[in-house]
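Below you'll find the structure, written out as structure tokens, and then a few comments.
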Amino acid sequence: KWVRFLYCYPNKVTQKLLDTIAEHAALVKYIDMPLQHASANVLKRMKRGASGDIFLKLLERIRRTIPGVAIRTSMIVGFPGETDADFEETRAFIDSLPFTYLHVFTYSSRPGTPSASMPNQLRGNVTRERNRVLRELAARKKHEFQEQFLSRELQAITLTNFENGRTEALTDNYQKLWLQGRHDSNLLVTTTILGIDSDALVG
């Protein structure tokens, strides 16, 4: 009944793609788009031709075209030469936007790659702390995203897991949901969101 479109680089997220997701009920309202960083300086060293400003405009267009869309992205901390200012630019960028899922990677050197020979390789304690900051921010952003659906109705599909009198399900914007009562799997249902339990909606 539903298809989730996975992992698309920003330069491939076209208006036609967004319109297609918005117009077809079978496509889950979910965009998985790795950004990697918000600092133009770091992105240039990564040889990614973009910037936080470009990403911001794209994210605004995504949200405008697909209301309620869940946006997942990936960020890298500790890339060689990443300064405190570079990291703060990325942290502030994430903090200002309604990301739903944020996967935080810590840069690790790989022999033979261009980045392995770059100057200003960062120490482990610095990269671990930056990773921690972004992971805590990601948890807060997901909770804030989910709060907007309280008391609203969402479409969901039931899964096979049943615990504590509730059936696990997924909403049409790919949020984990605990649905009260026991229900058969693979049912499309309309549910009213009653609350949030850990990282899951309750309906």
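Computed from the coordinates by the stated procedures, all read-outs in this text should not be read as laboratory data. Small disclaimer: the values here were computed from a predicted structure and weren't measured. Because the Cβ atoms are built from the backbone with ideal geometry, glycine has one as well, and the counts that use them run over all protein chains shown.
Segment 2-43 and segment 96-119 have Cα centres separated by 20 Å. What is the local net charge at Phe162, summed over the other residues whose Cβ is closer than 12 Å to its Cβ (Lys, Arg +1; Asp, Glu -1)? With Lys, Arg at +1 and Asp, Glu at -1, the neighbours total -1. A cut-off under 12 angstrom between Cβ atoms defines the neighbours of Leu179, and their net charge, with Lys, Arg +1 and Asp, Glu -1, is -1.
Computed over the chain, the per-residue total of -39500 (n - 2.57) for DSSP H runs of n ≥ 4 gives a 222 nm mean residue ellipticity of -10000 deg cm²/dmol, rounded to 500. Just to confirm a number: summing +1 for Lys and Arg and -1 for Asp and Glu over residues other than Asp95 whose beta-carbon lies under 9 angstrom from that of Asp95, what do you get? Charge balance in the 9 Å sphere: +3. Three principal axis extents describe the C-alpha atoms of segment 13-105; from largest down they are 44, 22, 19 Å.
Compute the angle between helix 124-147 and the longest alpha-carbon principal axis of the chain, please, reported from 0 to 90 degrees and rounded to the nearest 10. The answer is roughly 30 degrees. Relative contact order of segment 1-155, taken over Cα pairs closer than 8 Å and 6 or more residues apart, is 21 percent.
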